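A short write-up of the structure that comes next.
The values are calculated or read from the model by the stated rules, or taken from the named source; none is laboratory data. Note that the coordinates shown come from a computational prediction; the quantities given were computed from them, not determined experimentally. We place every Cβ from the backbone using ideal geometry, glycine too, and count neighbours over all the protein chains shown.
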Amino acid sequence: MAPAPLLDSPLATTRITVLQGQVRVSAGPRVELSTVLGSCITTCLFDPEAEVGGMNHFLLAEPPRSHNPGEIDVHYGVYLMEMLINEMLNHGASKPRMRAHLYGGANLRAGMAPIGTANANFARSFLAREGIVLAREDVGGSCARRVDFRPALGRVRCRVVPATMAPEAAPVVRPARVGGGDVELF
């Protein structure tokens, strides 16, 4: 068995975590973009000819109607899908050659609004409107997913994270209020 590459070796992989509200694009042959999803969606785009790819991670499809239209909120898919496509174009990709993969969109809690389903439906319709081929998807269900994407190669690995392996939600501990600031009514 070959030894693992040293961190400063030209064979080392640079792993970049893509968090909610982020877009990352790369043509680096040793770059891997990673994220963990529940009801969120990640779109992995790849242009095989330009050997460039990118990933976004959005929380909700579109802002509510009450949202100020002049305000940009990076947690919405409508913004992050545009950002991903534009960054891909800035890195030499061509929209007609782009291929997409969608992941996430789980409905984690029974009895709650199906946010994951709405996110997946939004992403599919957005790609169709833009004329981008949806090559693969792994969406829905009730489990979280971990996605690792090699953007320059267009290779994706998606693993389901069973609910039994997810960490338990820890109660939020708020510090006790210190005296002062009391109001006495009379």
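Pick from segment 96-110 the residues that are more than 19 Å from ARG150 (Cα to Cα) and not small (Gly, Ala, Ser): which of them is surrounded by the most Cβ atoms within 10 Å (Cβ to Cβ)?
Selected residue: ASN107.
Pick from segment 12-26 the residues that are surrounded by 16 or more Cβ atoms within 10 Å (Cβ to Cβ) and closer than 14 Å to ALA152 by Cα: which of them is nearest to the chain's Cα centre (by Cα)?
Here the residue is ARG24.
Each row is one residue, and each column tells you yes or no for (1) surrounded by 17 or more Cβ atoms within 10 Å (Cβ to Cβ); (2) more than 20 Å from VAL18 (Cα to Cα); (3) in contact (Cβ under 8 Å) with a residue 60 or more places away in the chain.
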{"site": "ASN86", "(1), (2), (3)": "no, no, no"}
{"site": "GLY92", "(1), (2), (3)": "no, yes, yes"}
{"site": "ALA128", "(1), (2), (3)": "no, yes, no"}
{"site": "ARG146", "(1), (2), (3)": "no, no, yes"}
{"site": "PHE149", "(1), (2), (3)": "yes, no, yes"}
{"site": "VAL160", "(1), (2), (3)": "no, no, no"}
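Can you spot a residue in segment 111-124 that is on the phi < 0 side of the Ramachandran plot, modelled with pLDDT under 90 and exposed (fewer than 14 other Cβ atoms within 10 Å of the Cβ)?
yes
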